[in-house]
1. Being out of contact with any helix residue (DSSP H, G or I) (no Cβ under 9 Å at 6 or more places or on another chain) and among the small types (Gly, Ala, Ser), is that true of even one residue in region 63-74?
2. Which members of region 46-59 meet the condition of being under 10 Å from the mean Cα position of the chain (by Cα) and open to solvent by 100 Å² or more (accessible area, probe 1.4 Å)?
3. Which of the residues spanning region 4-42 are surrounded by 12 or more Cβ atoms within 10 Å (Cβ to Cβ), away from ligand 2 (no atom under 11 Å from the Cβ) and without any contact (Cβ under 8 Å) to a residue 12 or more places away in the chain?
4. Please go through region 1-24 and give me each residue that is under 12 Å from Cys53 (Cβ atoms) and assigned to a loop (DSSP other than H, G, I, E, B), ordered by number.
5. Would you mind telling me which numbered condition in (1) under 9 Å from the mean Cα position of the chain (by Cα); (2) more than 9 Å from ligand 1 (Cβ to nearest atom); (3) in contact (Cβ under 8 Å) with a residue 60 or more places away in the chain Ile68 fails?
6. What's the total number of residues in region 43-78 that are part of a helix (DSSP H, G or I) and either modelled with pLDDT of 95 or more or within 13 Å of ligand 2 (Cβ to nearest atom) (or both)?
Amino acid sequence: MTRYLININNDCNQCMECVEICQNKVLTEEFINMVKITLKDKHHYFRKYVRGCTCCESCEDICEQHAIWIIDPEWEEL
Ligand code: SF4
Ligand code: SF4
């Protein structure tokens, strides 16, 4: 199964809309909170390979901050 790369940048305001929409429960409040703690340490964005994400892009569509995007690692190799 492809493991997609979740990216979240500092514009995330922890609204949790993406948590609500993620049908695969990849995004959770704990995940978002952990990301924000990581981003406080001067990182511009957070990246993590995740299992279970189907790259449905619902989280990207709902995020008003445009703070989250998903990358298929195979695209990067093209
Ligand atoms: S929808 Fe966007 S701003 Fe809201 S918690 Fe998710 S990534 Fe952050
Ligand atoms: S792309 Fe879909 S499955 Fe993957 S994290 Fe976003 S909402 Fe969840």
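The values are calculated or read from the model by the stated rules, or taken from the named source; none is laboratory data. Treat the numbers as computed from the prediction; the structure is a model and nothing was measured. When we count neighbours, we look across all protein chains shown, and the Cβ atoms used for this are built from the backbone with ideal geometry, even at glycine. Ligands, DNA and RNA are excluded from the accessible area calculation, which covers all protein heavy atoms including side chains. Shrake-Rupley method; radii C 1.70, N 1.55, O 1.52, S 1.80 Å.
1. Taking every residue of region 63-74 in turn, none turns out to be out of contact with any helix residue (DSSP H, G or I) (no Cβ under 9 Å at 6 or more places or on another chain) and among the small types (Gly, Ala, Ser).
2. Arg47, Tyr49
3. Met34, Thr38
4. Within region 1-24, Met1, Thr2, Arg3, Cys22, Gln23, Asn24 qualify.
5. (2)
6. Residues meeting the conditions: 5.
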